[in-house]
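The structure under discussion appears below in the form of structure tokens.
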Amino acid sequence: MDLPEAFLTRMRSRLGGEFEEFLRSYRGEAVKGLRVNSLKCSAEEFASLAPFPLEGRVPWEKDGFYLSEEKPGADVWHFAGLYYLQEPSAMCAAPLLGVRPKERVLDLCAAPGGKTTRLAAEMGGEGILVANEIDPARAKILSSNVERMGIVNCAVVSASPEALKKKFPSCFDKVLVDAPCSGEGMFRKEPNALPEWSEGNVTRCALRQREILDCAAELLSAGGKLVYSTCTFAEEEDEWQIEAFLARHPEFSLISSEKLYPHRVRGEGHFAALLEKREGERRKFPKSRFRENRAAEGAFAAFAADFFSSPKNRPLAVLPDGRMYLLPEDAPDLSGLRCLRLGVEAGEWDGKRFKPAHALVMAGKKGDFRRFLSLSREEAKRYLRGETVPSPLADGWCAVGAGDFPLGLGKCVDGVVKNHLPKGLRLFSRDN
Ligand code: SAM
């Protein structure tokens, strides 16, 4: 691998006697991993279900496994949201935040969602998780991962940290800043990133991180915790960034920090620091308000009585364009921000008819549905390709799953389930 000369000089002076070992690590392959989604199943259960080899546990993540397989992203269990493919060292940051149910949590730089989905797993559906991604295209990928993993208490937004700071000053108990960085820990995984590396880019990244961190400081309430992480080794973006932040913000103190290097651990490399805001204000979220829409609410209630085995107690929001959401408790007011998802997308109301959304199935468990069609993995692949499947169920909307794990919607008519999996989520290749 052709590593930039200036990068090597910097690493040599940083690592001293360890430099040669660090350099040797580039001869190996990138380390791969997955994190089991504990909202859907336990790590032990997944280990017994996995159709590809798991190569041991990641020491710093209770639900993390090492992988050798190239593309387990096309597996049925991936579609069912049982796991998230994540580089193992990147798994070290989110657990540091010590998130608990009922908290108000912000993931400020969230796409594609590796850390958001871990935070959500710890929250177990209680409290509110705001996952923000400034880049609208990346925010869509984030939103789709939030849906796939069955997260019910997440608002996915696409805003600048400045806009969020104005809307939610001193509102969050926990904030994660997984900052855009020069990506020195990504060279083995994404060699295409190499030409983008320069000392100038390290400086530019450090400046941007400083601005993001200053916003994060204002978003956090007194007593709140902040985790700052990067996948780079540059001190300007890591240790020095934190030192400078503490100098600007005496209300914060550093609790711990860790730096993972590829020659010391089995991972590509990461930096993470945990800070606490000792003083400041603590404010409530501005509350969300939605106009009543009796007709749409009635249509959803009728659908829900037939589709779910027990009533859904979450409040329902009907947006002016007809999209409907089952809201998390304490849903914040997101007016003025670009919001892609607030809780669970329930469906759409066109003024006459209600059409249920895929997310309703992904957010549930087998027992939540009156009609659940349990398919074998082979049958599930056919469903994922968009095919119809035979069914012994009574006519009506049903949830379709692989084994016990929901995969999507179907509509049973005369012994056949019509496929209602959104086209963009289908499996295309017949080899898969
Ligand atoms: N946390 C994500 C995960 O675990 O999957 C990875 C986040 S990635 C390292 C950093 C993200 O910050 C990118 O998605 C990037 O689009 C976003 N970003 C870029 N510029 C930003 C800015 N000025 N403010 C906030 N986020 C920014």
Just need the relative contact order of segment 18-153 here, percent rounded to a whole number, with Cα pairs under 8 Å and 6+ apart. 24
How large is log10 I(q)/I(0) at q = 0.09, 0.11, 0.13 Å⁻¹ when the Debye formula is applied to the Cα atoms of segment 1-154, each weighted equally and without solvent? -0.35, -0.51, -0.69
Using packing as a proxy for protection, rank 219-232, 129-142 so that the peptide with the highest average count of other Cβ atoms within 10 Å comes first. 219-232, 129-142
What is the magnitude of the charge dipole of segment 317-412 about its Cα centre, with +1 placed on the Cβ of each Lys and Arg, -1 on the Cβ of each Asp and Glu, and no other charges, expressed in debye to the nearest 20? 340
Using the Kirkwood formula on the Cα atoms of segment 320-432, what hydrodynamic radius do you get, in angstrom to one decimal? 15.3
Flagged links, alpha-carbon separation over 20 Å, of Lys115/Lys167; Lys62/Lys277; Lys32/Lys365; Lys189/Lys259; Lys140/Lys312; Lys40/Lys225: Lys115/Lys167; Lys62/Lys277; Lys32/Lys365; Lys140/Lys312; Lys40/Lys225
Can you tell me the equivalent ellipsoid semi-axes for segment 92-147? Use √(5λ) from the Cα gyration tensor, largest first, whole Å. 19, 11, 9
Let me check I have the definition right: for the chain, take the eigenvalues of the Cα gyration tensor, multiply each by 5, take square roots. What are those semi-axes in whole Å, largest first? 39, 28, 17
Connecting C-alpha atoms closer than 10 Å in a GNM of the chain, tell me which of Leu54, Leu106, Leu164 has the biggest fluctuation. Leu54
For the chain, longest principal axis from Cα atoms; helix 114-123 axis from its Cα atoms; angle between them, nearest 10 degrees, is 60
Around Glu126, with a cut-off of 13 angstrom between Cβ atoms, what is the net charge of the other residues, counting Lys and Arg +1 and Asp and Glu -1? -1
In whole Å, what three semi-axes, largest first, describe the equivalent ellipsoid of segment 155-284 built from its Cα gyration tensor (square root of 5 times each eigenvalue)? 27, 16, 13
Against the 2.2 N^0.38 Å rule of thumb, the C-alpha Rg of segment 68-212 sits at a ratio of 1.08
Segment 329-387, Kirkwood Rh and Cα Rg, ratio Rg/Rh at 1.08
Please compute the net charge surrounding Trp60, taking Lys and Arg as +1 and Asp and Glu as -1 over other residues with Cβ under 13 Å from its Cβ. +3
I need the Debye-formula profile for segment 115-200: one equal scatterer per C-alpha, no solvent, reported as log10 I(q)/I(0) at q = 0.12 1/Å, two decimals. -0.47
Where the only charges are on Cβ atoms (+1 Lys, Arg; -1 Asp, Glu), what is the dipole of the chain about its Cα centre, to the nearest 20 debye? 1460
Identify which of Ala43, Ala217, Ala394 has the largest mean-square fluctuation in a Gaussian network model of the chain, with springs joining Cα atoms closer than 10 Å. Ala394
Find the relative contact order for the chain and round it to a whole percent, using C-alpha pairs within less than 8 Å whose residues are 6+ positions apart. 14
Positive dipole terminus of segment 244-401, leading residue within Phe372, Asn313, His270 (C-beta point charges): His270
For segment 240-382, what is the largest minus smallest coordinate of the Cα atoms on each principal axis, given in angstrom and ordered from greatest to least? 59, 45, 25
One checks the Cα atoms of segment 211-303 and finds Rg and Dmax, in Å, of 20.6, 61
Expected 222 nm ellipticity per residue - DSSP helices of 4 or more, -39500 (n - 2.57), all of the chain, to 500: -8000 deg cm²/dmol
Longest to shortest principal axis, alpha-carbon extents of segment 38-119, angstrom: 36, 25, 22
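Laboratory data are not the source of any read-out in this text; all were calculated from the coordinates shown. Nothing here was measured: the structure is a model prediction, and the numbers come from that model. In this analysis, Cβ positions are derived from the backbone assuming ideal geometry, glycine residues included, and neighbour counts consider all displayed protein chains.
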